Amino acid sequence: MLYAHPSVSEASVIGVRDKVYGEDIRAFVTLKAGQMVTSDDILEYCQSKLKKFFVPKEVIILQAMPKTLVGKILKKELRKM
């Protein structure tokens, strides 16, 4: 769903610990060149398109995704952020 946002170039989601629910969603995105949107803009987009329990708790905008030499996103590195 994040890739459907017109400003998002790349996206990845991870599960993070939550005291109430056990696990929650954190999303990481990079933006297409020249795009100026905020994390709140992307959250609002998700809220309008997804059921409540699929909406990320947090969206973090990165300049670049951490990747392996073959181009896979390093989720271990995202978990450290």
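Points to keep in mind about this one:
- Under the condition of being charged (D, E, K, R) and in a loop (DSSP other than H, G, I, E, B), the residues counted in region 69-81 number 1.
- Residue list for region 69-81, restricted to those being of a type in the set (D, E, K, R) and surrounded by fewer than 12 Cβ atoms within 10 Å (Cβ to Cβ): K72, K76, R79, K80
- All positions within region 1-25 that are without any contact (Cβ under 8 Å) to a residue 40 or more places away in the chain and of a type outside the set (G, A, S): Y3, P6, V8, R17, D18, K19, V20, Y21, E23, D24, I25
- The set of residues from region 5-57 being within 15 Å of I73 (Cβ to Cβ) and hydroxyl-bearing (S, T, Y) comprises S9, S12, T30.
- Output for region 38-60, where each listed residue is among the charged types (D, E, K, R) and either touching a residue at least 60 places away in the same chain (Cβ under 8 Å) or touching a helix residue (DSSP H, G or I) at 6+ places or on another chain (Cβ under 6 Å) (or both): none
- Elements of type strands (runs of 3 or more DSSP E) in region 1-68, at least 3 residues being surrounded by 16 or more Cβ atoms within 10 Å (Cβ to Cβ), modelled with pLDDT of 95 or more and out of contact with any His (no Cβ under 6 Å at 6 or more places or on another chain): 8-18, 22-31
The values are calculated or read from the model by the stated rules, or taken from the named source; none is laboratory data. Just so we're clear, the structure is a prediction, and the values are computed from it rather than from any experiment. No Cβ is skipped: glycine too gets one built from the backbone with ideal geometry, and neighbour counts run over all protein chains shown.
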